[in-house]
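First up is the structure itself, then whatever we jot down about it.
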Amino acid sequence: MSNSNDINGFIEIEESGPDFREALFKYLRFWKWFVFSIIFFLALGFIYLKLTTPQYKVETDLLIKDNKGAMGGANDLLQDLDLFSSDKIIDNEIQILKSKNIVEKVVKSLKIETSYYTTNGVRKRELYGTLPFNVELIKPSIDIDYSNKISVRLLNGSEAEVNNKKVLINHPVQTDEGLILITTNTSYKGSFNQLFDIKFNPLAGLVEQYIKNLKIDPVSKQATVLTITIEDAIPQRGEDFLNGIVKEYNNAALEDKNKVTSNTLLFITDRLKVIAEGLGAVEGNVEQYKSRNGIANIGAQSQILLQGVGDNDSQLNKILIQLSVLKSLEDYLYNNNTDQSSALPSMLGIDDPTLLGLVNQLGEIQLRRSSMLQTVPETNPIVTSMTDQITSLKRAISTSVQNLKKGLQVTKQQLQSKNNQFEGIIKRVPSQERGLLDVMRQQHLQDTLFMYLLRKREETEMKLASGVADSRTIDKAWSSSAPVKPVKPIIYLAFFVIGIIIPICVIYLQELLNFKISRRQDIEKFTNVPLIAEISHSDNAGSLLVVEKPRSMVAEQIRALRTNLQFIVPNPEQKIILFTSGISGEGKSFVSLNLGASLAMSDKKVVILELDLRKPKLHVSLGVDNSLGLSTYLIGKVSYEKILQAIPQQNNYFIITSGPTPPNPAELLVNGQIEKLLHQLKQDFDYIILDAPPVGLVTDAQILGGYADATMFVVRHNYTAKSQIPAIDNLYRQKKFNNLNIIMNSIDVQSGYGYGYGYGYGYGYGYGSGGYYQEEKSYKSSKLSSLFKKKNKGNNKL
């Protein structure tokens, strides 16, 4: 029982935490496979780098100008308050830069829908720039496969070879891909007769690919500088693409910006035509009136009266113009939708800063909304937000117009009242002078308005001529001097890690799928039965190894078992030792036979009984007669003295063989004769060893267990299933065997049993340079061969 407690204590210590040293050694013993795996995957990494097309990083910087301070006067306050502007302007510009419309224009302008390849070593190299010819897909076939390539070779200035067929240059050619046109490049100075592979790319897919690879990020949250980058296998193509993106973006922005200015200029021009006609008519009336009435000069009173009336009429006309403009603005607000930003009426003559600010905000937001609709649908949250802002601005403008109209109406009434006063005075003026005053007033009004519109037209034309985009290129597109992909250190590191992980996974899975006992922990984990001996594997064919090679490792381990036996059966009366196993082939007969020989070497008289009546093996390995044995004794045909035979290889060692195989072994064991035999043997021998059949196959071992003082259950390394250990524990708990112990047999030291520590197979005993140490060398020399061939199971399986 003390041994059981010790084992229990050992199990608790082992399971208290993971043994990292053991786990490390489990993998380190396969260090050769790790070295091979690392070298192999590093070679794969080298091949990967050779086959992978390097990618270069191309970058340009674009400044988006802030136009908040572009308008002067009272509008600066509203612009600074930023009441109606969107804080998503940078995001909007990013979306415009990545729009399909702009990218498609650049792709078409660079003619990168056609890819040209030439063979460079084991890798196809894509070409760009100056080529001997250009190939254009005029009309693709219905079932075109864009993954296919065609081979083109320029033979001379007028002929080319397409898929080994001669064709004419500058003439459409029908191919499987569709109708193509080959044109020569006059700037090419190289040689002809070079073979190129041509691949056509679908425009939609190519645009989507470039949009996906295009990265646009602001340098910071507060800045309006955008960093535009793309990765390309050809640096020059990447630079041309980014420069083209910026150019198309500026053109589109300038075109949108000039729409409002052009509409304003058109409105002013139309108004000038109308006013010019009215001014001509009024001047004709003045001329006719003076000529008809013979008026040459007006007196001082008339001048003073005319000046007062003129000023009053000028103010009244200005009010009328403002009311007319406000009426046009109201018609625009009520009759036009959010999309008609180009029809925004002119605000000429309106001095109210609040209304002007609101109208300018409305025009800018409608313009930005129109720009956004080129790239995103109306359901986009940004477009919806702009639509809401336009609606809100219209309501604010309508309110402001109503308030302004009320004020203008009051002013108009006051001016009209003042006109009535002047009319009363004019009635006292001679009718001719009053008539002249009327026509002169109309002339002055038309002339003032005409000059005002002329000045505004010049200002608008200057603005249209000097218009620039709201962006500036800080740096032209430039490419990195070295490839950014693949990164050699990272690739080699990744393949190095894979070279380590793969063997670890294989070793882990191998152990995870191993259902055989490979370590003593596999036993101690599932049972409290004491493990009293561990016996190494031996390739020697002899059955009595302790006699034939007393200096071998196995012989020393058998002697250690003999020593432990003194603690298991300490009393001299405890003489019977039973050996059994779970299944056949685990080596119980080998262990029992050699333990008996080792006991005999210590001047003990030992007898071993071959009780495996169904498959006896001992008499065969020892070469003794089996004509008479236990089976003949148990049926009462012979006496005990006639079946007892000496083992010739060892003194004081005897055997009782199984005898002829009986038809009913179990019945013979329960007829009482075996108990009588064991009683007689106790009188004559110091130890009686019972080599019983496997307990998992027949009940013979359990029948004999009642006679044994100690039971040795033999399990075999990498042979006995782990599932058998709980069955042994059940036998131990149910006390079906007296003093049950476990012996692990045929341990392959080179397989890493115990992972290099735990039993200590490397010690020596001063036996000289031969014997034990020679067997150690044989293990080491056979380590490499054991990886490639099936192991010789030796004689431990007896």
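The values are calculated or read from the model by the stated rules, or taken from the named source; none is laboratory data. Note that the structure is predicted; figures quoted are calculated from it, not measured. Note that we place each Cβ from the backbone using ideal geometry, even for glycine, and neighbour counts take in every protein chain shown. Calculation scope for accessible area: heavy atoms of the full protein, side chains included, ligands and nucleic acids excluded. Shrake-Rupley method; radii C 1.70, N 1.55, O 1.52, S 1.80 Å.
Among the numbered conditions (1) among the β-branched types (V, I, T); (2) part of a loop (DSSP other than H, G, I, E, B); (3) open to solvent by 10 Å² or more (accessible area, probe 1.4 Å), the only one that I532 does not meet is (2).
One residue is enough: does segment 583-591 have a residue meeting the conditions outside any helix (DSSP H, G or I), modelled with pLDDT under 90, in contact with a Ser or Thr (Cβ under 8 Å, 6 or more places away or on another chain) and open to solvent by 10 Å² or more (accessible area, probe 1.4 Å)? Yes, the conditions are met somewhere in segment 583-591.
All conditions but one from (1) under 60 Å from the mean Cα position of the chain (by Cα); (2) in a helix (DSSP H, G or I); (3) hydroxyl-bearing (S, T, Y) apply to T563; the one that does not is (1). Scanning segment 682-729 for residues that are farther than 18 Å from P530 by Cα, open to solvent by 10 Å² or more (accessible area, probe 1.4 Å) and assigned to a helix (DSSP H, G or I) returns K682, Q683, D684, Q702, I703. The set of residues from segment 186-241 being assigned to a helix (DSSP H, G or I), in contact with a strand residue (DSSP E or B) (Cβ under 9 Å, 6 or more places away or on another chain) and closer than 18 Å to L127 by Cα comprises Y210, P235, Q236, R237, G238, E239, D240, F241. The set of residues in segment 448-485 that are in a loop (DSSP other than H, G, I, E, B) and closer than 30 Å to L49 by Cα comprises S480, S481, A482, P483, V484. Can you pull out the residues in segment 132-175 that are in a loop (DSSP other than H, G, I, E, B) and within 38 Å of the chain's Cα centre (by Cα)? Passing the criteria: S141, I142, D143, I144, D145, Y146, S147, N148, K149. Counting the residues of segment 611-625 that are open to solvent by 40 Å² or more (accessible area, probe 1.4 Å) and in a helix (DSSP H, G or I) gives 2. When L408, L367, L404, L358 are screened for being in a helix (DSSP H, G or I), within 45 Å of the chain's Cα centre (by Cα) and among the hydrophobic types (A, V, I, L, M, F, W, C), only L367 passes. Between a residue in segment 546-574 that is in contact (Cβ under 8 Å) with a residue 40 or more places away in the chain and any residue that is open to solvent by 10 Å² or more (accessible area, probe 1.4 Å) and among the basic types (K, R), which pairs come within a Cβ distance under 8 Å, given they are 6 or more apart or on different chains? So the pair list comes out as V546/R559; A555/K549; V569/K575.
So D748 passes all but one of these: (1) crowded, with 16+ Cβ neighbours inside 10 Å; (2) of a type in the set (D, E, K, R); (3) modelled with pLDDT of 85 or more. Which condition number does it fail? D748 satisfies every listed condition except (3).
Taken together, E283, E255 contain a single residue that is under 26 Å from L348 (Cβ atoms), surrounded by fewer than 18 Cβ atoms within 10 Å (Cβ to Cβ), touching a helix residue (DSSP H, G or I) at 6+ places or on another chain (Cβ under 8 Å) and acidic (D, E), which is E283.
Would you confirm whether or not segment 459-476 contains a residue that is open to solvent by 60 Å² or more (accessible area, probe 1.4 Å), at pLDDT 85 or above and among the polar types (S, T, N, Q)? Within segment 459-476, not a single residue is open to solvent by 60 Å² or more (accessible area, probe 1.4 Å), at pLDDT 85 or above and among the polar types (S, T, N, Q).
The one condition from (1) farther than 24 Å from D61 by Cα; (2) modelled with pLDDT of 85 or more; (3) open to solvent by less than 20 Å² (accessible area, probe 1.4 Å) that Y117 does not meet is (3).
Exactly one condition in (1) open to solvent by less than 10 Å² (accessible area, probe 1.4 Å); (2) under 22 Å from K682 (Cα atoms); (3) at pLDDT below 90 is false for I608; which is it? Failing condition for I608: (3).
Output yes when any residue across segment 321-332 is within 24 Å of N92 (Cα to Cα) and open to solvent by 40 Å² or more (accessible area, probe 1.4 Å), and no when none is. Can you show your working first?
Initial filter on segment 321-332 (within 24 Å of N92 (Cα to Cα)): none.
No, segment 321-332 contains no residue that is within 24 Å of N92 (Cα to Cα) and open to solvent by 40 Å² or more (accessible area, probe 1.4 Å).
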